[in-house]
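Quick notes on the structure that follows.
The values are calculated or read from the model by the stated rules, or taken from the named source; none is laboratory data. Because the structure is a prediction, the values reported are computed rather than measured. Here the Cβ is made from the backbone with ideal geometry for all residues, glycine too, and neighbour counts use every protein chain on show. Heavy atoms of the whole protein, side chains included, go into the accessibility calculation; ligands, DNA and RNA do not. Shrake-Rupley method; radii C 1.70, N 1.55, O 1.52, S 1.80 Å.
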Amino acid sequence: MLVLGDQLDAEAAAFDGFDAAQDAVWMAEVDEESTQVPSSQPRTALFLAAMRHFAQALQAAGRRVHYTRLDDADNRGSLAGELDAAIERLQPQALVMTAPGDHRVLRALQAVAAARGLALELRPDRHFFCTVREFAAHARARRTLRLEFFYREQRRRHGVLMDDGEPCGGRWNYDADNREAFGRDGPPAHAEPPRFEPDAITREVLDLVRRRFAGHPGRLDSFAWPVTREQALHALQRFVAERLAGFGRWQDALWPGEPWLWHSQLSAALNLKLLDPHEVVAAAEAAYRAGHVPLESAEGFIRQILGWREYVRGVYWTRMPGYAELNAWDAHEPLPAFYWSGDTPMACLADAIGQTLEHGYAHHIQRLMVTGLYALLLGVEPKEVHAWYLAVYVDAVEWVELPNTLGMSQNADGGLMASKPYVASGRYIERMSAGRLCAGCRFRPGERIGDTACPFTTLYWDFLLRHEATLATNPRMAMPLKHLARLDAAERARIGDRAAALRAGTAGV
Ligand SMILES: Cc1cc2nc3c(=O)[nH]c(=O)nc-3n(C[C@H](O)[C@H](O)[C@H](O)COP(=O)(O)OP(=O)(O)OC[C@H]3O[C@@H](n4cnc5c(N)ncnc54)[C@H](O)[C@@H]3O)c2cc1C
Ligand code: SF4
């Protein structure tokens, strides 16, 4: 029975009917999973630490585990190579696994099984609320895919936040109440997420990753992610008790030096399957029903998991492999080198990338409206943006990362995921951080040309100029294009010149 690094669930379908007398589990740590993109040190460490703890728990429960460690002398370096060697050595009669989340991995394992003349039985992944088949049926019935319709269907089907067939509170969506910025004094006092100090198993992994992936991005000094199911459950319980209440209100807010705020930091535990989304959604709904958290917080949080998370998985599995090739804005710039170091005078990017390298974490608005927005406006090749997001975050697995990056953030899928590109000038970042990020920056968010012009602002106008004809066909872009129409030819030329200097790296960033 095959268990991958993001399948750490002892209740998964692959374990159904497991007979300890004759069945065995196969798990392998391999270099390829850390080098196909330069996986950050926190990301690799989290996967390996969680895998080793899971294998240990299986063994403690009396299950036989064939486990290859990264530093085993004869490690073949790839899942395919390791599986092939294990088949040769163990001569299994059949291979069973829960359907993997990653297209590339599925194809590689199927190829090995086929070459060895073995059937690879794929069992359904019960972790998700919606099967790929159900999503495909939903998509077939519609001309355009939009989260809202899917989300409502999910709420109805699973009876989540429903009262007598109607949405709790009479509305499906409280997004409009969830866009507050902090005041000038910044975020009010709030609890920090729990830290899970590395035990002996994790410390050994940290040493291994430091040695083996010394040149990879990110640092391990503050590594404190949950690596076991018990720790993940504790993180969930603390989040619901201490911070869920504020989740809705400040979901989009930014503040320098504050990586966690009211976000849950549960994505990695969810994606590794240490947590089940059903239990996470149930915990949030129970907190609302008990009167501990407001409806807009519970609904906003549940929408991310029951809605967005399932939706992006459906997009991934119904559109791959072609989806990864899309580049609707014909963008071909390289990713700026500072994405890997955080070394940039742009305060918002330095802050978001700095915490990304330290913790392997940034919250959604930092990913979408800071790092993602800059890459979109600059015109970076979507595949390069995708490789960066897949490499740096502890929660990065392709089925969720790719549609978020290529679709939601870079709008490279021609509007499949989002009805308009998420474009904004530096004014958005100024507003969502109550001016604090920009106050510590040498650029001015309101200026679009000149030496102190905010690069986001210059590139925002440049994006509208470069794509004016295409954007004109989108009614949701009418307002920005109306503003653009007021710019005379000389101003347009000055914007284009400064944008070109930003791309050429001669504008001091
Ligand atoms: C460019 C880009 C890349 C991203 N890459 C990833 C990724 O590799 N892995 C990943 O899990 N999420 C990714 N996201 C989605 C989202 O940013 C993260 O899930 C979230 O920031 C994780 O932090 P959290 O657990 O504190 O989330 P919270 O803000 O507390 O949200 C609660 C949960 O909802 C789910 N969720 C929220 N937003 C999304 C979304 N857009 N898509 C899917 N699930 C969502 C997550 O499981 C998350 O844990 C990406 C978003 C963008 C814009
Ligand atoms: S001025 Fe522009 S670059 Fe500087 S922090 Fe504000 S938005 Fe970011």
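For residue 331, indicate whether it is under 26 Å from residue 155 (Cβ atoms) and of a type in the set (A, V, I, L, M). Judged against the criteria, residue 331 is not a match. Of all residues in region 314-350, those that are closer than 30 Å to residue 444 by Cα, of a type outside the set (Ser, Thr, Tyr) and either under 18 Å from the mean Cα position of the chain (by Cα) or in a loop (DSSP other than H, G, I, E, B) (or both) total 13. For region 337-349, the tally of residues that are within 12 Å of ligand 2 (Cβ to nearest atom), open to solvent by 30 Å² or more (accessible area, probe 1.4 Å) and touching a helix residue (DSSP H, G or I) at 6+ places or on another chain (Cβ under 8 Å) stands at 0.
Each residue in region 84-102 was checked for being closer than 27 Å to residue 274 by Cα, assigned to a helix (DSSP H, G or I) and in contact with a helix residue (DSSP H, G or I) (Cβ under 7 Å, 6 or more places away or on another chain), and 0 of them qualify. Within region 340-365, residues that are assigned by TED's automatic domain parsing to the domain that holds residue 400 have Cβ atoms under 7 Å from residues that are within 8 Å of ligand 2 (Cβ to nearest atom) and aromatic (Phe, Trp, Tyr) in these pairs: 346/443, counting only partners at least 6 apart in sequence or on another chain. Looking at residue 358, is it in contact with a Leu (Cβ under 7 Å, 6 or more places away or on another chain), modelled with pLDDT of 95 or more and charged (D, E, K, R)? Judged against the criteria, residue 358 is not a match.
If the condition is being more than 7 Å from ligand 2 (Cβ to nearest atom) and of a type in the set (A, V, I, L, M, F, W, C), then region 439-460 contributes 439, 449, 453, 459. Scan region 110-160 for residues that are open to solvent by less than 70 Å² (accessible area, probe 1.4 Å), assigned to a loop (DSSP other than H, G, I, E, B) and more than 22 Å from residue 1 (Cβ to Cβ) and the total you get is 6.
Beta carbons closer than 8 Å, at least 6 apart along the sequence or on distinct chains, pair a first residue in region 370-384 that is at positive phi with a second that is open to solvent by 10 Å² or more (accessible area, probe 1.4 Å) for 379/329; 379/331; 379/332; 379/333; 379/466; 379/503. Here 486, 444 are screened, and the one residue that is surrounded by 14 or more Cβ atoms within 10 Å (Cβ to Cβ) and of a type in the set (Lys, Arg) is 444. Set side by side, the residues 308, 388, 329 differ, and just one is open to solvent by 30 Å² or more (accessible area, probe 1.4 Å), outside the structural domain of residue 272 (by TED's automatic domain parsing) and among the aromatic types (Phe, Trp, Tyr), which is 329. Hey, does region 18-29 have a residue that's assigned to a loop (DSSP other than H, G, I, E, B), among the acidic types (Asp, Glu), without any contact (Cβ under 8 Å) to a residue 60 or more places away in the chain and touching a Leu at 6+ places or on another chain (Cβ under 7 Å)? Within region 18-29, one or more residues are assigned to a loop (DSSP other than H, G, I, E, B), among the acidic types (Asp, Glu), without any contact (Cβ under 8 Å) to a residue 60 or more places away in the chain and touching a Leu at 6+ places or on another chain (Cβ under 7 Å).
Of the residues 263, 216, which is under 19 Å from residue 364 (Cα atoms) and within 22 Å of the chain's Cα centre (by Cα)? The match here is 263.
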